[in-house]
Amino acid sequence: MPSVHSSPCYQMENPALLSLLRPTSNEKRSKSSGGFFRMFKLFPLLTSGCKMVALLGRPRRPQIGDSATTGTIFGYRKGRVSLAIQDDPHCVPMFIIELPMLTSLLHKEMASDIIRIALESETKTHKKKLMEEFVWAVYCNGRKIGYSIRRKQMSDEELHVMQLLRGVSMGAGVLPCQSDKDTADGELTYMRARFERVVGSKDSEALYMINPDGAGGPELSIFFVRVH
């Protein structure tokens, strides 16, 4: 298991990423241990996706500004995990990608309560906006895990997930599959949260998860960097 200091910047050594990376103290880590990651660890106990979505979708007292970005991580237990980013949870994702990482491996990484995912574009041209790039090298807690291609269009399964979560602003659980038949890939799990979006430059952005209980420090950080 990587240490807290095994962050993407240690291997990527990208100045843009270094400028965006926020230090995480032991104090912050202890305060934030009761957030979404704890819910993710309870996945085996969450057997009714319909009930979970219904409960999370109920109107609540607003805690986060409307300007926050919505991020969703989802995937079958035995399959790969996907990442979707939305300016509005009721709209089509502005960015969606299947990461070269098994959902089960991500669950194990979450045992540290801190996850840093970095996506690095090696494109040399700057005609596109950063998050419009297609090919990304993916890092998780400092380790390069492979390459992914951003989807131009959602698959039927991804569209199914987005539709189920339209009324969910934050939470984690198990979703019902498209088919009533049991899938060989196991349960379809998800985690949805609101993120503070920080733009470092035209070549670097970061998303810091907003902890709903007000604890200091993000538990999940996602970085987008384009190398020069």
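On the stretch given as segment 110-128, residues that are of a type in the set (Asp, Glu) and modelled with pLDDT under 85 total 1.
Where strands (runs of 3 or more DSSP E) fall wholly inside segment 124-213, the ranges with 1 or more residues that are closer than 18 Å to Leu21 by Cβ and touching a residue at least 40 places away in the same chain (Cβ under 8 Å) are 135-140, 143-149, 188-201, 204-209. Hey, can you tell me all the residues within segment 82-113 that are open to solvent by less than 20 Å² (accessible area, probe 1.4 Å), β-branched (Val, Ile, Thr) and farther than 14 Å from Ile222 by Cα? If the condition is that a residue be open to solvent by less than 20 Å² (accessible area, probe 1.4 Å), β-branched (Val, Ile, Thr) and farther than 14 Å from Ile222 by Cα, then Thr103 is the only one that fits. Evaluated against (1) surrounded by fewer than 17 Cβ atoms within 10 Å (Cβ to Cβ); (2) at pLDDT below 90; (3) under 26 Å from Ile210 (Cβ atoms), Asp185 falls short on exactly one condition, (3).
Kindly indicate the residue of segment 110-123 that is assigned to a helix (DSSP H, G or I) and out of contact with any Ser or Thr (no Cβ under 9 Å at 6 or more places or on another chain) and also farthest from Arg192 (Cα to Cα) among those meeting that condition.
Restricting to residues being assigned to a helix (DSSP H, G or I) and out of contact with any Ser or Thr (no Cβ under 9 Å at 6 or more places or on another chain), the top hit is Ala111.
Summed over segment 95-105, the residues that are modelled with pLDDT under 95 and either among the β-branched types (Val, Ile, Thr) or assigned to a loop (DSSP other than H, G, I, E, B) (or both) give a count of 1.
The values are calculated or read from the model by the stated rules, or taken from the named source; none is laboratory data. Remember, predicted model here, so these are calculated numbers, not experimental data. As a convention, Cβ positions derive from the backbone with ideal geometry for all residues, glycine included, and neighbour counts pool all protein chains shown. Quick note on the areas: whole protein, heavy atoms, side chains included, nothing else; ligands and nucleic acids left out. Shrake-Rupley method; radii C 1.70, N 1.55, O 1.52, S 1.80 Å.
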